[in-house]
Every structure is written in structure tokens, then in C-alpha cells.
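A quick write-up on the structure given underneath.
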Amino acid sequence: MLPRHFSYQDKILLLQHGCTDLLHLAQRRGALLHKLLSGTSIFEQDIQKPHGRLHHADWLKLLQNCQQQLNSPELPFLLGTTLLHNRYISVSQCLLYAADLKQALRQLLYFRHQLFPSIYVQLYRRQQGIVLEFNTGLTHGQQHSTAMTVLFSLLLSLIKLQLGSSDGISAQLKHQPPALALPYQLHWGCAVSFNQPCDSLLIEYQLWHQAFSAANPAKFAAARRTCRQLNRILPRQRGLLEHICQLQRRALPALLSLEQAAQQLGLSASMLKRQLNLHKTNFAQLLDSVRRDAARQLLQQGCYSNRQLACKLGYSDEHNFRRAFKRWTGLIPSSFKDLQNSH
């Protein structure tokens, strides 16, 4: 059976899983509903439907409309916290009643398609702790920083609520430093750095098994059952970019051809090219990004030489690998490793 992936025009989000919360927050700050819905396929009567769904393109348009109408830097922070406490979102209930951070994140990663379908996570170890690196299965365009801020706000709100603080956590964001960085400190309460190679959270080891203050096994089990039932309405699918990157990571050190990837996706090569154009990328750039991210993650684990990394990533020799790495980061591998270990 061929894997399924979704595009911008697939209805993969429930209106009650973020859309209505965003609209209510924006309206309370003076935004007009008909202007918020402008340019989307959502009608006012759709909003109250229990299982009403929207296209991912509509979600990105809503975020854009809110920014244009309100210019409120705090809105994505508030939305993340609101999603966490929404008692109608079963994924959020799983997080709130989990035993510890490890169990909570396991549920979020497994059921992420019900709340953040276009974002996927790679998890790996570093000397200081465990890194959650967030990538996008669909291009978010100008809404990338907003979407990531919402997700990070939900996670950090959860940690502060359950553990009392966000000490022992640091956040790295790809976007440029904002004019006002104060909201990040106020809402997250942890070290934040901008203009980084990836969007990630570094969490110290001891936080993973620290008991949550509101842990409730019975309520957790009930919320997880609801999540499983909801999978019948929202099947687990991946975004196209995530699918291709996953295929290539599995194939390393070999590199897939466009035709090989298209065949595994059940598409023609020309159709795959057209779909990638919608994401403002191409197949060669995606493969390059897979090697870049794998190199960076392996380097930060600190147990591979340049020769070993070149072999793992499909380079003919370590010279070609070092040259590629400097093109990606502006640094040679040893300098990049030293810089990351100093954070």
C-alpha cells in the first residue's frame, strides 16, 4: 500500500483544534470576524460544527489575517497556552494528565496530526540533554515563525505548569530576532536564541522523568482513548516534504533519484516536481537539507569523525563533506561542534 501524504488543499485540521481559539482571541482584541475569514473557504456557520474541518492553506491564511489586522506580538503565545487548556482537545488533555514529560511528549508526537499536522519532530541526544528538533512537512512561508511560536508556547506552558518553571530548557529559533524579544522571556521563561540552524528545544535529562503535578492516570487513559477514536476522522498522514525527507534519511548513505522517490510516493516524476514547486523548493534542495540536518545532529552527539560522517552521508571523501558543511553553516565541523557545546 502506497503511503499517504497531504497537501495544502486537504482538510486535515478540525476547526475546534485551534481555528476557533484563534478567532476568539483575535475578536477579543478588536478584530472583525468577516475580515479574519477573508480569503479562506471558511464560513461563519462552519465554526460551531463539532467536526468541521479546514484546509491547511486556510489555517495559514487565518494566521496571516490576524497578524495584518492586529499586529499583536503576543497572540501566538496566548494561542499556544489556550490550546493546552482547551478541554475539548483530547491531545491537550493527554498532555495535562500525563505522568511526566516523557509520557506527554510521546502522546504529542504520536497524535500530532490532530493538532500540528504540518510539523514533525526529530529527537536525538546531546551531552547536555535531549534535543527536540522541529521541521515542517508543508512550507509555512511567512507564517513559519508564528506556527513555531504557537507550538513552543504550548510545550513550555505545559512544562511551567507541571514542573513549576522552565529552568533547564533552552530554545533555538530559525527566524530573525524580533523587534521586541520581551514576550519570549515573559511567556517562556527560558533562554532563547534566534537565527539558528533549526527550531529546537534542548531539555536537560533530569526533567524527562520528573513527576507532573497534575498527573491523573484515569483521565490520561480516557483522553488517549478519545484521541484514538478521533483517528477515524483525522487519519495519520504526513506532509509531502516530511515524506520525502523520511525516505531519504532511510536511504542514506545512498541518494534517491527523483524517479525513485516519486515511485515510492505513488506519483509521476513530473507531478512530484509540480508539487514541490508549490512549496518553493525542489528535489535536490530537499536531499541537501536531509544531509545537512543529519550531519548537524550527528556532530552534536560528539562520537563521529569527519571521515565517518562523510561515509554515513554518502560523500566520496571527508574533503567534500567539510566543504558541504561549510556551505551549510559557514563553519567547519569542528568549529560548529565547539560552538554548540558552548551554548
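The values are calculated or read from the model by the stated rules, or taken from the named source; none is laboratory data. All figures in this text were calculated on a predicted structure; none of them were measured in a lab. Reconstructed Cβ throughout: ideal geometry from the backbone, glycine too, with neighbour counts over all protein chains shown. Note: areas computed on protein heavy atoms with side chains; ligands, DNA, RNA excluded. Shrake-Rupley method; radii C 1.70, N 1.55, O 1.52, S 1.80 Å.
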Would you mention how many residues in segment 243-297 are open to solvent by 50 Å² or more (accessible area, probe 1.4 Å), closer than 23 Å to TRP328 by Cα and of a type in the set (A, V, I, L, M)?
3
Please go through segment 1-37 and give me each residue that is open to solvent by 80 Å² or more (accessible area, probe 1.4 Å), closer than 16 Å to LEU79 by Cβ and more than 24 Å from the chain's Cα centre (by Cα), ordered by number.
ARG28, ARG29
Quick one: SER92 ticks every box in (1) surrounded by fewer than 22 Cβ atoms within 10 Å (Cβ to Cβ); (2) of a type in the set (Ser, Thr, Tyr); (3) over 21 Å from ASN135 (Cβ atoms) bar one, so which box is it?
(1)
In segment 42-77, anything in contact (Cβ under 8 Å) with a residue 40 or more places away in the chain, polar (S, T, N, Q) and part of a loop (DSSP other than H, G, I, E, B) is listed as SER72
Among residues belonging to segment 165-177 that are among the small types (Gly, Ala, Ser) and in a loop (DSSP other than H, G, I, E, B), point out the one that is most open to solvent (accessible area, probe 1.4 Å).
SER165
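Looking at segment 66-101 only, could you name the residues that are out of contact with any Asp or Glu (no Cβ under 8 Å at 6 or more places or on another chain), among the polar types (S, T, N, Q) and modelled with pLDDT of 95 or more?
Matches in segment 66-101: THR81, SER90, SER92, GLN93.
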Under the condition of being of a type in the set (A, V, I, L, M) and within 18 Å of the chain's Cα centre (by Cα), which residue from segment 38-61 is surrounded by the most Cβ atoms within 10 Å (Cβ to Cβ)?
LEU60
Condition check for THR149: of a type in the set (Ser, Thr, Tyr) and open to solvent by 10 Å² or more (accessible area, probe 1.4 Å):
no
So, in segment 204-251, of the ones that are over 15 Å from TYR88 (Cα atoms) and among the small types (Gly, Ala, Ser), which residue ends up farthest from the chain's Cα centre (by Cα)?
ALA218
Within segment 38-65, considering residues that are modelled with pLDDT under 90 and polar (S, T, N, Q), the one farthest from LEU79 (Cα to Cα):
GLN45
Checking LEU313, LEU255, LEU276, LEU286 in turn, the sole residue that is touching a Cys at 6+ places or on another chain (Cβ under 8 Å) and within 23 Å of THR136 (Cα to Cα) turns out to be LEU286
Which of (1) at pLDDT below 95; (2) open to solvent by 50 Å² or more (accessible area, probe 1.4 Å) does GLN237 not meet, given it meets every other one?
(2)
Given the conditions (1) open to solvent by 30 Å² or more (accessible area, probe 1.4 Å); (2) under 25 Å from PHE6 (Cα atoms), and given that ASN65 satisfies all but one, which numbered condition is not satisfied?
(1)
Unmet criterion (only one of (1) without any contact (Cβ under 8 Å) to a residue 40 or more places away in the chain; (2) open to solvent by 10 Å² or more (accessible area, probe 1.4 Å)) for LEU180
(1)
I'm trying to understand the selection: among the residues of segment 91-118, which are in contact with a Lys or Arg (Cβ under 7 Å, 6 or more places away or on another chain) and under 23 Å from PRO235 (Cα atoms)?
GLN93, CYS94, GLN107, HIS113
Take the residues of segment 190-221 that are open to solvent by 40 Å² or more (accessible area, probe 1.4 Å) and part of a helix (DSSP H, G or I): which is farthest from GLY164 (Cα to Cα)?
ALA218
Cross-chain or 6+ apart pairs with Cβ under 9 Å, segment 78-91 first and farther than 14 Å from LEU151 by Cα, then open to solvent by less than 10 Å² (accessible area, probe 1.4 Å) and of a type in the set (Phe, Trp, Tyr)
SER90/PHE111
Set LEU186, LEU123: member being open to solvent by 20 Å² or more (accessible area, probe 1.4 Å) and part of a helix (DSSP H, G or I)
LEU186
